[in-house]
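The block underneath contains the structure these notes are about, expressed in structure tokens.
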Amino acid sequence: MSKEEKRILGISWNVFLLGLVSFLNDMSSEMIAPIVPTYLTDVLGIGKVISGSIMGLIESLSSLFKVLFGYVSDVFRKRKVFVTLGYLLSTISKGALAFTHSWWDFLTLRVLDRIGKGVRTAPRDALIAESSEKGKSGKSFGFHRMMDTLGAVAGPLVAIGLLALLKNYPIKVAYRYIFLLSAIPGTLGILVVVFLVRDKGEEVKKKIKGISALKSRNLRLFLVIVALAALGRYSYAFTLWKAKELGYSVVQGLGFYAIFNAIYAFSAYPIGYYSDKVSKKGIITIGFGIAALASLLFAYSKTLPMLLMAFVFYGIYIAIEDTIPRAYMADLAKEFEKGTIIGAYHTVFGIFVFPASIIVGYLWQEYSLKIGFLYAAVINLITMFLMALLVKD
């Protein structure tokens, strides 16, 4: 049996390998992600609005490149080269954070990391779609997000262990060691891409037939709703700042973050699998409702059970909205434009997610974190109703 035909855990070998790569890369990313908010405010001494703006900018910038490189990978019918380059840029930039001493060099390296994500994401998602059986895109994307997020579970746990081992070092020194060590799993992921993942782009028909899905009113309407929803998608950093506001330590915050990622990881695959059998539109709609509920819980959390429930619902929401829209767009896209269409989704989302963190950061500084979370809840309730009423299956 060839690698093209091989199946493992009910999915193609290529999808399995790309899931493994995402596990390793996200382990690398999430080793540093939970300590970044504290590193910004306590080590680099950056204020709330600027911190929120940096986190939003970091999360937004990668998406600006996704439609470009999705389109380029469609034109050249090459996915793997962009996936490899993207992971390489991110791995180098994360390790180099160990040498930052100001918000400017920190931002520069994080921007490089996000550029790497922008280069790889749409080509990788197109490769996942091309490596999936017809009608099972949700299952493939669900598995990929599960593996990605299991890495996000492992990363904070590794960070907790490293902080314990480095407890006799000044905190800023310990953080720098963690940044440097984060490059190890990222490098392993690059090796898997280079030597094991097989490109599928050349199998795409050279002759373009039919009308682009971008001309569809339904798809354009969906992208408008995605833009609005992104305005209510605050950075994960605000959930950790909420835990800190309630008196929990950095290590305890890492524990909350690991719980969130565990919920995300173990929800993504069954949600993706189930979406192939029912309505992807319906699941996306429910996801916005869950987002509103999570934001309300964060807004009013004062006890440990309530805060834990907020992280649980936040994990389910992210599992839905990071998985199903990709599969939904892949299903709508014509064979010749999967990279472009998926890239368009990521780009629209990325442009509008940046202001979200600035807005919540401003509301936090001028009023309170509670007001910021309430703002996000209202945005998600609006998008839930718009999705239910306007978008077709």
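Among the listed residues Gly350, Gly372, Gly339, identify the single one that is among the small types (Gly, Ala, Ser) and over 28 Å from Thr41 (Cα atoms). Working first, answer last.
Numbers: Gly350 fails: over 28 Å from Thr41 (Cα atoms); Gly372 fails: over 28 Å from Thr41 (Cα atoms).
So the residue among Gly350, Gly372, Gly339 that is among the small types (Gly, Ala, Ser) and over 28 Å from Thr41 (Cα atoms) is Gly339.
For the structure I just gave you, tell me whether Phe313 is touching a helix residue (DSSP H, G or I) at 6+ places or on another chain (Cβ under 6 Å) and within 27 Å of Phe69 (Cα to Cα).
no
How do the helices (runs of 4 or more DSSP H) wholly within segment 280-338 filter down when requiring 1 or more residues that are modelled with pLDDT of 90 or more and within 15 Å of Gly232 (Cα to Cα): which remain? Write out each step before concluding.
Numbers: elements: 280-300, 304-321, 324-332.
So the answer is 280-300, 304-321.
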Legend entry - Qualifying residue in segment 226-243 (condition: in a helix (DSSP H, G or I), modelled with pLDDT of 85 or more and among the basic types (Lys, Arg)): yes
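A quick yes/no check of all residues on (1) modelled with pLDDT under 75; (2) under 19 Å from the mean Cα position of the chain (by Cα); (3) not polar (S, T, N, Q):
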site: Leu64; (1), (2), (3): yes, yes, yes
site: Phe69; (1), (2), (3): no, yes, yes
site: Ser73; (1), (2), (3): no, no, no
site: Lys80; (1), (2), (3): no, no, yes
site: Gly86; (1), (2), (3): no, yes, yes
site: Trp103; (1), (2), (3): yes, no, yes
site: Phe106; (1), (2), (3): no, no, yes
site: Leu109; (1), (2), (3): no, yes, yes
site: Leu112; (1), (2), (3): no, yes, yes
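Looking only at segment 252-277, count how many residues are polar (S, T, N, Q) and either surrounded by fewer than 21 Cβ atoms within 10 Å (Cβ to Cβ) or farther than 24 Å from Ala377 by Cβ (or both). Show your work before the answer.
Of all residues in segment 252-277, those polar (S, T, N, Q) come to 252, 261, 267, 275.
So of that shortlist, the ones also either surrounded by fewer than 21 Cβ atoms within 10 Å (Cβ to Cβ) or farther than 24 Å from Ala377 by Cβ (or both) come out as 252, 275.
The qualifying residues number 2.
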Legend entry - Pairs, first closer than 14 Å to Val391 by Cα in segment 277-293, second of a type in the set (Asp, Glu) and surrounded by fewer than 21 Cβ atoms within 10 Å (Cβ to Cβ), C-beta under 8 Å, six or more apart: Ser279/Asp393; Lys280/Asp331; Lys280/Asp393; Lys281/Asp393; Gly282/Asp393
Inset, instruction - Within segment 313-361, track down each residue that is out of contact with any Lys or Arg (no Cβ under 7 Å at 6 or more places or on another chain) and of a type in the set (S, T, N, Q). - result: Thr340, Ser357
Inset, instruction - Name the single residue, out of those in segment 83-114 being within 15 Å of Leu40 (Cβ to Cβ) and among the aromatic types (Phe, Trp, Tyr), that is surrounded by the fewest Cβ atoms within 10 Å (Cβ to Cβ). - result: Trp104
Legend entry - Hits in segment 119-130 - residues which are closer than 13 Å to Ala327 by Cβ and not charged (D, E, K, R): Ala126, Ile128, Ala129
Legend entry - Pairs with Cβ under 8 Å, 6+ apart, first in segment 103-123 and β-branched (Val, Ile, Thr), second modelled with pLDDT of 85 or more and surrounded by 16 or more Cβ atoms within 10 Å (Cβ to Cβ): Ile115/Leu89; Val119/Phe82; Val119/Leu85; Val119/Gly86; Val119/Leu89; Thr121/Gly86
Legend entry - Unmet requirement for Lys280, which otherwise passes all of (1) out of contact with any Pro (no Cβ under 9 Å at 6 or more places or on another chain); (2) within 30 Å of Lys78 (Cα to Cα); (3) buried (at least 20 other Cβ atoms within 10 Å of the Cβ): (1)
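Based on this model, can you work out whether Phe349 counts as in a helix (DSSP H, G or I) and more than 28 Å from Ala126 (Cα to Cα)? Let's see the steps before the verdict.
On the way: in a helix (DSSP H, G or I): yes; more than 28 Å from Ala126 (Cα to Cα): no.
So Phe349 does not fit the description; no.
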Inset, instruction - Please verify whether segment 359-366 includes one or more residues that are free of Cβ contacts under 8 Å to residues at least 12 places away in the same chain and either more than 25 Å from Ala265 (Cα to Cα) or not in a helix (DSSP H, G or I) (or both). - result: yes
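The values are calculated or read from the model by the stated rules, or taken from the named source; none is laboratory data. Values in this document were obtained by computation on a predicted structure and should not be read as measured data. Quick reminder, even Gly has a Cβ in these numbers, built from the backbone with ideal geometry, and neighbours come from all protein chains shown.
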